[in-house]
Amino acid sequence: MKIEEYLFAMKKRCSRRKYTNRPIDSKYVQQLEDNIALYNKESGLNMKLIIGNGGKLFDGFRKSYGLFVGVQNYIAMIGSKTLLNRMEKVGRFGEKIILEATAMGLSTCWVGTSYDKNAAKELCEGNEVLDCVIAVGYSDEKHSLKERMMEYGMHRQNKSKEALIEAEEPMPEWFKQGMDSVYLAPTARNLRPFVFKYKDGQVTASITIPTETAIIDLGIAKFHFELGARVGSWDYGNGGHYYFDDKRKDSDI
């Protein structure tokens, strides 16, 4: 996908927790599997697309606390415990897949805790760990009452865009555009546990609230910044630097 397509999907994407029983179109299943295979090779992760067996992880109140309904398909975000920057890669490549799924007309949601983790462990091999899953499928156009209530609760916790920035003036336009995209990044409980700093022409991104999933959230946010700024790429790691490169092409994402 081109950057413009990712940016359009970014604005369109919203977390959905109620799914219909419509099977994912076979051509989209193949696209997702092909993309996952490519990103596994690039990242060192072992992400897996599970089709038609989501009920094992989500069915029943005790498994999803009633937050998810009708989940039949998901992507298991798996990696070796020894993989360097594993959790940030989970965020970066998981969000990349989510935006591509959004462009296919699919609904998605990051799921950090509300699923049966014992059942999920069966997907791991050796020293692998499953950090989270991504629900994927089709949703009704209209959000359910429970979804609307959750969205309202999340919205009330919103941090302002300014709260995510520490910067000297004047800020370049590419930095502002990057932060516009960061503000659209999904995070656990909508905490946005990070800050982006701009000083002496340098950009860094760091964790401010050390939650269990903060590094995943940071990976998502850094990817969003990269898409919005269009002119560089990141070092991995908490406090990682962003390297400005105005010669990068859309195909480099």
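For this structure, a couple of remarks:
- When peptides 69-81, 108-120, 25-37 are sorted by average Cβ neighbour count within 10 Å, with the highest value leading, the order is 69-81, 108-120, 25-37.
- Sorted peptide list for 88-100, 182-194, 2-14, criterion being average Cβ within 10 angstrom, highest first: 88-100, 182-194, 2-14
- R0 of 30 Å, Cβ-Cβ distance residue 144-residue 11: FRET efficiency to nearest 0.05: 0.85
- Accessible surface, per residue, of the chain when the full set of protein chains is kept, probe 1.4 Å, Å²: 50 Å²
- Share of carbon and sulfur in the accessible heavy-atom surface of the chain [1.4 Å probe, %]: 50 percent
- Projecting the Cα atoms of 119, 40, 28 onto the charge dipole of the chain, computed from C-beta unit charges around the Cα centre, puts 119 farthest toward the positive end.
- Pairs beyond 25 Å (Cα-Cα), from 41/96; 12/161; 117/161; 27/222; 81/159: 117/161; 27/222; 81/159
- Helix-derived mean residue ellipticity, 222 nm - over the chain, DSSP H n ≥ 4, -39500 (n - 2.57), to 500: -11500 deg cm²/dmol
- Range of Cα positions in the chain per principal axis (Å), largest first: 52, 39, 33
- All Cα-Cα separations within segment 162-229 were binned at 5 Å from zero, giving a P(r) of 4, 19, 32, 26, 13, 6, 1, each value a whole percent of the pairs.
- Rounded to 5, percent antiparallel among DSSP beta bridges of the chain: 85 percent
- Descending semi-axes in whole angstrom, ellipsoid equivalent of segment 1-103, from the Cα gyration tensor: 23, 19, 14
- What the Cβ-Cβ distance of residue 26 and residue 169 gives, at R0 = 41 Å and to the nearest 0.05, is a FRET efficiency of 0.20.
- Whichever aspartates and glutamates have a C-alpha closer than 14 Å to that of residue 142, once near sequence neighbours (fewer than 8 apart) are set aside: 151
- Relative contact order of the chain, pairs being alpha-carbon contacts under 8 Å that are 6 or more residues apart, as %: 21 percent
The values are calculated or read from the model by the stated rules, or taken from the named source; none is laboratory data. Just so it is clear, the structure is predicted and the values come from calculations on it, not from any experiment. Here the Cβ is made from the backbone with ideal geometry for all residues, glycine too, and neighbour counts use every protein chain on show. Accessible surface is based on the protein model in full, side chains and every heavy atom, while ligands, DNA and RNA are left aside. Shrake-Rupley method; radii C 1.70, N 1.55, O 1.52, S 1.80 Å.
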